[in-house]
Amino acid sequence: MDIKYLGHSAFEVEVSGKKFLIDPFLVACPAYKAEGISDIFVTHAHGDHLGSAVEISKAANAPITAIYELANYCAKKGVLTNDIGLGSWREYSWGRAVAVPAFHSSSTPDGIYGGCPCGFVFDVDGKTLYHAGDTALNSEMKVIGEVYQPDIAMLPIGGKYTMDIEHAVKAAEWLGASEIIPMHYNTFEAISVNIADFERQIREIGKIPRVLKINM
Ligand code: NI
Ligand code: MN
């Protein structure tokens, strides 16, 4: 499995020659070319997560997986969708994924209700990967830790709209993941952090901070 960071909360994950995108907001990575994408996952409808999902979906003929209301919104824009609710696995050609709770809000850039926000757990290549979306620290992370036992967790750390570093460290403990990939920081002034603080605090609890460079 190869994980490419596209800035903010956007990732391209490649597994057995197939690729999927998560929250493709590409402001930090304008030169990125979406090629060979099989699926696109969107955690919630805010513009910094929906990003270029509709455009890429159309160009690649790749369905958008999202919570029912957001999937319907995307379907009205003329793209293929896989609508999901929280809590059951959906099978893909490269593995499987389940939507899990996130504590946040969700409306589209034009103000339409986007259903509940979510995170995703991916079962790929013998590894379990958790992308938290935008969320506050919450006790569901204990459940996610117990039920899905993620190996790698992508956690927001920028504060203001989501968890900050202190809460992300607590989330990392509850989730039990051994590698923590930070996201949703330093894109804007309001979510700026000193990434060295994150690295130090994650090491202090015996986990690996995996700070990815934005990959153009
Ligand atoms: Ni948001
Ligand atoms: Mn956000």
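The values are calculated or read from the model by the stated rules, or taken from the named source; none is laboratory data. Only a predicted model underlies this, so the values are computations on that prediction, with no experimental measurement involved. For neighbour counting, all protein chains shown are included, and Cβ atoms are generated from backbone atoms with ideal geometry for every residue, glycine included. Areas reflect the complete protein model, heavy atoms only, side chains present, ligands, DNA and RNA absent. Shrake-Rupley method; radii C 1.70, N 1.55, O 1.52, S 1.80 Å.
Annotations for the structure displayed:
- Selection status of G111, free of Cβ contacts under 8 Å to residues at least 12 places away in the same chain, open to solvent by 10 Å² or more (accessible area, probe 1.4 Å) and closer than 30 Å to A75 by Cα: yes
- Candidate set from the range 144-182 (those that are touching a residue at least 40 places away in the same chain (Cβ under 8 Å) and among the hydroxyl-bearing types (S, T, Y)); member that is farthest from ligand 1 (Cβ to nearest atom): Y148
- Per-region count, the range 147-160, residues charged (D, E, K, R) and either away from ligand 2 (no atom under 16 Å from the Cβ) or open to solvent by less than 50 Å² (accessible area, probe 1.4 Å) (or both): 1
- Restricting attention to the range 179-199, the residues that are in contact with a strand residue (DSSP E or B) (Cβ under 8 Å, 6 or more places away or on another chain), surrounded by 13 or more Cβ atoms within 10 Å (Cβ to Cβ) and in a helix (DSSP H, G or I) add up to 4.
- For the range 106-146, a tally of residues being within 26 Å of W94 (Cα to Cα) and more than 16 Å from ligand 2 (Cβ to nearest atom) returns 15.
- The condition of being within 20 Å of Y5 (Cα to Cα) and touching a Cys at 6+ places or on another chain (Cβ under 8 Å) holds for only one of G119, G133, G159, that being G133.
- Selection of the range 12-25 for residues being away from ligand 2 (no atom under 14 Å from the Cβ) and of a type outside the set (D, E) yields V13, V15, S16, G17, K18, K19, F20, L21.
- Filter pass, I165 being within 25 Å of E14 (Cα to Cα), aliphatic (A, V, I, L, M) and surrounded by 15 or more Cβ atoms within 10 Å (Cβ to Cβ): no
Residue-wise test of (1) within 16 Å of ligand 1 (Cβ to nearest atom); (2) within 27 Å of S192 (Cα to Cα); (3) among the basic types (K, R).
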| site | (1), (2), (3) |
| --- | --- |
| G36 | no, no, no |
| A62 | no, no, no |
| Y68 | no, no, no |
| Y73 | yes, no, no |
| K77 | no, no, yes |
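- Scanning the range 93-108 for residues that are open to solvent by less than 30 Å² (accessible area, probe 1.4 Å) and in contact (Cβ under 8 Å) with a residue 40 or more places away in the chain turns up W94, G95, A97, V98, V100, A102, S106, T108.
- Pairs are defined by a Cβ separation below 8 Å, a sequence spacing of at least 6 or placement on different chains, a first member in the range 46-66 that is over 26 Å from T162 (Cα atoms), and a second member that is assigned to a helix (DSSP H, G or I) and more than 16 Å from ligand 2 (Cβ to nearest atom); the pairs so defined are S57/C74; A62/I56; P63/S57.
- Residue match in the range 128-135 (condition: part of a helix (DSSP H, G or I), at pLDDT 95 or above and crowded, with 16+ Cβ neighbours inside 10 Å): no
- The strands (runs of 3 or more DSSP E) falling completely within the range 1-85 that include 2 or more residues that are closer than 26 Å to N186 by Cα and open to solvent by 30 Å² or more (accessible area, probe 1.4 Å) map to 2-5.
- Counted residues, the range 38-51 - those being within 15 Å of the chain's Cα centre (by Cα) and more than 16 Å from ligand 1 (Cβ to nearest atom): 2
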